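These notes concern the structure reproduced below.
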Amino acid sequence: MTTNLLEFDLDGLCAYCEQLGEKRFRATQLFRWIHQRGASDFEQMSDLAKSLREKLKARAHITALPVITEHVSQDGTVKWLFDVGDGNAVEAVFIPEDDRGTLCISSQAGCAVGCRFCSTGHQGFSRNLTTGEILAQLWFAEHALRKRLGVSERVISNVVMMGMGEPLQNYTALVPALKVMLDDHGYGMSRRRVTVSTSGVVPMMDRLGLDCPVALAVSLHAPNDPLRDDLVPLNRKYPIEELMQACERYLEHAPRDFITFEYCMLDGVNDQPEHAQQLVNLVRRHGGGRPWCKLNLIPFNPFPASGLLRSPAPQVAEFARILTQAGIVTTVRKTRGDDIDAACGQLAGDVKDRTRAAERMAKRRTITIAPAP
């Protein structure tokens, strides 16, 4: 069986080339051909010795994930469904904007966290993706878009690990993939332009701060433990106070001087004025009295199994006003790609669930507003 070279960061590729009797600089050349130029045919790699190319043809390959479908939204958003085998498929989304091109990448086939408002969570969990499967989404999207647009410069400027799955529950595959994105011989992205989103896996947040600090987004979605326990079940293991302390620790290493908190606006559930005031109090209890976070309010994208509805625009505006008036930087996310089910919380792919998620989540369908303390 041959090896897919997308599985390696630069250090891993150097070790692989050493096994072939090659020096480190050859691995760097190969790395550039793969990630900067999008080459998959070793014969294209003209500055590699012919002997190395012959070794690689016999033992290695560079292969993207098969594309099952591609959908293009009216706003230019592109969603791909990739086949990862055994009946599983994952989705990635490219979001073009005037000043950036952002790719949203999946880290797992499904998700074991089971957030009430997330379509992926309702599908359950099958398996972690490998480093190569994570990177293959970026490799394919970057070079396919370059060909489509007829450009040679980089199209994707930002990556957000906000697709299917909880990235920090796939840590060993995630970190090498992040290193390729950051490597000057790879995609050369700034740490500020690579974001990992987490529902709050506290121990791995601490490890990421030490191993590969990039921008961090935390899926908060509730200002108190009873409500968050229901919306984000991981909160029962790592409650809000532990999560906030982990965020403060992460700031010591982060490339930005703030953490982004994602907050999905659910009609009559977490969007009341008392919830906004609880958020204000929560933020003020942490951060040492300085501005240390941003709140990103996300319009919910309804799907039938959730039993939830999107907060009305006036309610979202009032919620944002309370936060802003308290001095918290607050934005309302613009919905992109919802006509092709590519908006936040809508990525579902196709997962052979091993967790009986639908059965478990059906039992949690009823929810009440948690009162302000």
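Worth a mention:
- Subset tally (residues that are in contact with a helix residue (DSSP H, G or I) (Cβ under 6 Å, 6 or more places away or on another chain) and under 17 Å from residue 258 (Cα atoms)) for segment 216-241: 1
- Filter result (small (Gly, Ala, Ser) and more than 27 Å from residue 308 (Cα to Cα)) within segment 204-249: 209, 215, 246
- Breaking point among (1) within 19 Å of residue 139 (Cβ to Cβ); (2) of a type in the set (Asp, Glu); (3) touching a strand residue (DSSP E or B) at 6+ places or on another chain (Cβ under 9 Å), for residue 86: (1)
- Test: residue in segment 332-350 that is at pLDDT 95 or above and not polar (S, T, N, Q): yes
- Hits in segment 194-210 (condition: in contact (Cβ under 8 Å) with a residue 40 or more places away in the chain and either closer than 26 Å to residue 264 by Cβ or outside the structural domain of residue 255 (by TED's automatic domain parsing) (or both)): 195, 197, 199, 200, 202, 205, 206, 208, 209
Condition check ((1) modelled with pLDDT under 95; (2) hydroxyl-bearing (Ser, Thr, Tyr); (3) in contact with a strand residue (DSSP E or B) (Cβ under 6 Å, 6 or more places away or on another chain); (4) not in a loop (DSSP other than H, G, I, E, B)) across all residues:
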site: 80; (1), (2), (3), (4): no, no, yes, yes
site: 91; (1), (2), (3), (4): yes, no, yes, yes
site: 94; (1), (2), (3), (4): no, no, yes, yes
site: 103; (1), (2), (3), (4): no, no, yes, yes
site: 106; (1), (2), (3), (4): no, yes, yes, no
site: 114; (1), (2), (3), (4): yes, no, no, no
site: 132; (1), (2), (3), (4): no, no, yes, yes
site: 136; (1), (2), (3), (4): no, no, no, yes
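- Residue match in segment 322-338 (condition: under 20 Å from residue 122 (Cβ atoms), outside any loop (DSSP other than H, G, I, E, B) and either in the same structural domain as residue 190 (by TED's automatic domain parsing) or hydroxyl-bearing (Ser, Thr, Tyr) (or both)): yes
- Of all the listed residues (232, 280, 269), the sole one being surrounded by fewer than 19 Cβ atoms within 10 Å (Cβ to Cβ) and in the same structural domain as residue 103 (by TED's automatic domain parsing) is 280.
- Residue within segment 355-363 that is at pLDDT below 90, among the β-branched types (Val, Ile, Thr), closer than 21 Å to residue 219 by Cβ and assigned by TED's automatic domain parsing to the domain that holds residue 252 present: yes
- Being crowded, with 21+ Cβ neighbours inside 10 Å and either touching a strand residue (DSSP E or B) at 6+ places or on another chain (Cβ under 6 Å) or aromatic (Phe, Trp, Tyr) (or both) holds for only one residue in 263, 250, and it is 263.
- Considering segment 299-319, the residues that are of a type in the set (Phe, Trp, Tyr) and crowded, with 19+ Cβ neighbours inside 10 Å include one that is nearest to residue 115 (Cα to Cα), namely 300.
- Of all residues in segment 282-321 being assigned to a helix (DSSP H, G or I) and on the phi > 0 side of the Ramachandran plot, the one that is modelled with the lowest pLDDT: 289
- Residues of segment 56-70 that turn out to be farther than 17 Å from residue 10 by Cβ and crowded, with 17+ Cβ neighbours inside 10 Å, as a count: 2
- Residue among 73, 106 that is within 23 Å of residue 219 (Cβ to Cβ), in contact (Cβ under 8 Å) with a residue 60 or more places away in the chain and assigned by TED's automatic domain parsing to the domain that holds residue 197: 106
- The criterion of being within 30 Å of residue 231 (Cα to Cα) and assigned by TED's automatic domain parsing to the domain that holds residue 251 holds for residue 159.
- Counted residues, segment 16-46 - those being surrounded by 13 or more Cβ atoms within 10 Å (Cβ to Cβ) and assigned to a helix (DSSP H, G or I): 15
- Test: residue in segment 123-145 that is within 20 Å of residue 296 (Cβ to Cβ), among the charged types (D, E, K, R), surrounded by fewer than 24 Cβ atoms within 10 Å (Cβ to Cβ) and over 14 Å from the mean Cα position of the chain (by Cα): no
The values are calculated or read from the model by the stated rules, or taken from the named source; none is laboratory data. The model shown is predicted, which means the values in this text are computed figures rather than measured ones. Neighbour counts run over all protein chains shown; Cβ positions are idealised from the backbone, glycine included.
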